[in-house]
Amino acid sequence: MLETMRYESRRRVRGTLALTLLLSAFIGLIIYIYPSFAESTAEIDALVESLPQAVREGFGAESYATIEGFLSTEVYGTIWVLLLGLYFAYAAGGLLAADIETGRLYMTLATPLSRGRLGAEKFLSLAVPLVTLNTALPVFVFGASLAVDYVVDPYYLLWVHLLSIPYLLVCSGVGFALSSLVDRADVAQRSGIAIVFLLFMIDSVTIGTDFEWLGTLSPTRYFDPTEILLDRTLDFGGTLVLLIAAAVLVVVGLAVFQRRDV
């Protein structure tokens with residue numbers, strides 16, 4: 001059982017470890033320089049306040065007076081929400097389309113394996129980077145904050161990572177649905193990146209305008225690291241919306257994959 005998932009998961013181990021180390025190094029550098037920011041937070045916060053609301057909201061820029069506010073802006077508002085969202089959309093975009101493009105899918109389906117099971121197990125292989133990143137990085141962030149004597153609250157740090165999983169599943173679902181529609185992996189991957197980035201921008205630029213309702217179409221509306229880390233607010237309603245959206249995208253992707261001519 002789950003042979004395809006195990007095979008695909010093993011293929012992702014090396015890339016996941018490399019990504020984890022790269023993010024750890026970059027985030028460690030950001031945390032290392034925070035003490036120099038902490039000495040002039042009043043001036044920096046004044047600069048942040050002068051930024052347009054769309055920029056502040058889009059990147060979670062609220063305050064540098066605490067390590068939580070700093071991490072919200074420099075790490076979670078950009079790296080986690082935007083860059084990792086794009087990464088998972090890209091990774092999921094190649095799940096089905098790559099095999100269709102190379103012709104490997106024909107050989108796979110020649111075995112007693114249904115399309116639905118194949119697609120589901122390929123999607124489940126994304127659990128390797130999803131679980132690894134959200135397990136290793138909070139431990140590293142907390143340890144790095146201890147090292148610089150500006151300790152982040154571990155309780156809400158853990159919640160940021162837990163509640164980011166449904167968000168990243170939605171980004172993955174976007175790529176997966178596209179992968180079931182097209183025959184070329186690069187088209188699905190680039191389209192997934194474009195859609196996730198467009199949704200991020202829509203949510204950012206419509207805040208405070210008459211078109212703010214458009215932001216409800218974006219998964220970023222339902223996951224805000226700044227609210228969790230800085231305001232100590234947990235939006236479980238938004239988490240439920242993201243889980244439902246992810247499930248719908250995966251089910252649609254599987255349904256299209258089962259019915260299409262490959």
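The values are calculated or read from the model by the stated rules, or taken from the named source; none is laboratory data. Keep in mind that what you see is a predicted model, and the values were worked out from it rather than measured. Here the Cβ is made from the backbone with ideal geometry for all residues, glycine too, and neighbour counts use every protein chain on show.
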Out of VAL81, VAL151, VAL75, VAL128, I need the residue that is at pLDDT 85 or above and buried (at least 23 other Cβ atoms within 10 Å of the Cβ). Which one? VAL81
Looking only at the stretch 99-119, decide whether some residue is crowded, with 23+ Cβ neighbours inside 10 Å, touching a residue at least 60 places away in the same chain (Cβ under 8 Å) and not in a helix (DSSP H, G or I). no
Of those in the stretch 162-188 that are in a helix (DSSP H, G or I) and touching a Ser or Thr at 6+ places or on another chain (Cβ under 8 Å), the residue modelled with the lowest pLDDT is ALA185
For the stretch 131-148, enumerate the residues that are surrounded by 15 or more Cβ atoms within 10 Å (Cβ to Cβ) and in a helix (DSSP H, G or I). THR132, LEU133, ASN134, ALA136, LEU137, PRO138, PHE140, VAL141, PHE142, ALA144, SER145
Out of the residues in the stretch 99-121 meeting the condition of being aliphatic (A, V, I, L, M) and modelled with pLDDT of 85 or more, tell me which one is nearest to VAL250 (Cα to Cα). ALA120
Counted residues in the stretch 205-262 being among the polar types (S, T, N, Q), surrounded by fewer than 18 Cβ atoms within 10 Å (Cβ to Cβ) and either in contact with a helix residue (DSSP H, G or I) (Cβ under 7 Å, 6 or more places away or on another chain) or assigned to a helix (DSSP H, G or I) (or both) come to 3
Sort out which residues of the stretch 208-228 are closer than 30 Å to TYR150 by Cα and either modelled with pLDDT of 90 or more or of a type in the set (D, E, K, R) (or both), and write them in order of number. THR220, ARG221, TYR222, PHE223, ASP224, PRO225, GLU227, ILE228
Scan the stretch 160-175 and report the pairs whose first residue is closer than 25 Å to ARG232 by Cβ and whose second residue is surrounded by 24 or more Cβ atoms within 10 Å (Cβ to Cβ) and of a type in the set (Phe, Trp, Tyr), with Cβ atoms within less than 7 Å and a gap of 6+ or a chain change. VAL160/TYR76; LEU163/PHE223; SER164/TRP80; SER164/PHE223; TYR167/PHE223; LEU168/PHE88
May I ask you to list the residues in the stretch 111-162 that are in contact with a Phe, Trp or Tyr (Cβ under 6 Å, 6 or more places away or on another chain) and farther than 26 Å from ILE33 by Cβ? ARG115, GLY119, PHE123
